[in-house]
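The values are calculated or read from the model by the stated rules, or taken from the named source; none is laboratory data. Note that the structure is a prediction, hence the values are computed from the model and not measured. Note: ideal-geometry Cβ built from the backbone for every residue, glycine included; neighbour counts use all protein chains shown.
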């Protein structure tokens, strides 16, 4: 497995400020059909923001619009101005949209050298990022024969070459093995902790739940939800409180009298719309002993599927 170093040692120090990525009214039509539909959101510094949506939701198109790579409506501001107005764009935004975006016969090191020369970045930075992403030992090899995971690492190396304040990464975990995914998670969290903003799309919801602070969820090109993962999960119908006591009949009567919504489970009851404190007060008032009382959080996957239930572009049908 490739070896990589801690990102903190390589990034330098960044001052945290109130700047951010501000996407405003992004729109794009494909054959008169909206691919991105008046989409607005922000990406805050110091955080990893996950970009989620079903297949065909418009995530990749949105990222291309943000960077000015596709024609469409709206604009995206980086530090209050479009990317095209920054004198050194590669030092403002690091980009990974395609894992195989390199010349197949040029060595990994030379690929990064070309990018460094074009961006006015010191050549010493090339070996630094190769070590950071774990490709130092294959720096002289042509990436045309790299696995998808190694190609992703090279793409990440290119994205961080200019020590940019912002990262925009489209499915960077594709092709990575479990060790590589764990490294990527820690890498992006540390990059954001250094005061930068990371905007990353992924279909790996369990991984995103460990990595991201905030999420932007879209479906059919429209904004469905924006905010912290904590708030997204807390608002899910799957979230609730589990309770177990000695007298289930009396507990049902107490819940009914207090207008508490509940459902029976194999070993107790699940309550929705109430906190553990509120459920505990109902049991106390009914003089019922508490055998078990705990909060049950929804998973990010449950919350996501709930939000996007009517926003899938393609839906599989059950067979017989």
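Output yes when any residue across region 84-103 is in contact with a helix residue (DSSP H, G or I) (Cβ under 6 Å, 6 or more places away or on another chain), in contact (Cβ under 8 Å) with a residue 24 or more places away in the chain and loosely packed, with under 15 Cβ neighbours inside 10 Å, and no when none is. Yes - at least one qualifying residue is present in region 84-103. Evaluate region 228-244: report whether one residue or more is assigned to a helix (DSSP H, G or I), at pLDDT 95 or above and out of contact with any helix residue (DSSP H, G or I) (no Cβ under 8 Å at 6 or more places or on another chain). The answer is no, given that none of the residues of region 228-244 is assigned to a helix (DSSP H, G or I), at pLDDT 95 or above and out of contact with any helix residue (DSSP H, G or I) (no Cβ under 8 Å at 6 or more places or on another chain).
Mind listing just one residue for me: the one in region 215-242 that is within 14 Å of the chain's Cα centre (by Cα) and surrounded by fewer than 22 Cβ atoms within 10 Å (Cβ to Cβ) and, of those, nearest to residue 282 (Cα to Cα)?
Our first condition is that a residue be within 14 Å of the chain's Cα centre (by Cα); within region 215-242, this holds for 215-218, 225-230, 232.
Filter once more, keeping what is surrounded by fewer than 22 Cβ atoms within 10 Å (Cβ to Cβ): 225-230.
Working: 225: 33, 226: 34, 227: 32, 228: 30, 229: 29, 230: 26 Å.
Filtering first and then ranking leaves 230.
When the residues of region 166-195 are filtered to those that are touching a helix residue (DSSP H, G or I) at 6+ places or on another chain (Cβ under 8 Å) and assigned to a loop (DSSP other than H, G, I, E, B), which remaining residue is surrounded by the most Cβ atoms within 10 Å (Cβ to Cβ)? Filtering first and then ranking leaves 172.
For region 114-121, does any single residue satisfy the condition of being over 13 Å from residue 154 (Cβ atoms) and either in contact with a strand residue (DSSP E or B) (Cβ under 7 Å, 6 or more places away or on another chain) or not assigned by TED's automatic domain parsing to the domain that holds residue 164 (or both)? Lay out the reasoning, then the answer.
The first filter runs over region 114-121 and keeps only residues over 13 Å from residue 154 (Cβ atoms), leaving 116-121.
Narrowing the set further to residues that are either in contact with a strand residue (DSSP E or B) (Cβ under 7 Å, 6 or more places away or on another chain) or not assigned by TED's automatic domain parsing to the domain that holds residue 164 (or both) leaves none.
No, the conditions are met nowhere in region 114-121.
Of the strands (runs of 3 or more DSSP E) lying entirely inside region 252-312, those containing at least 3 residues that are closer than 14 Å to residue 240 by Cβ and in contact (Cβ under 8 Å) with a residue 24 or more places away in the chain span 269-272, 292-296.
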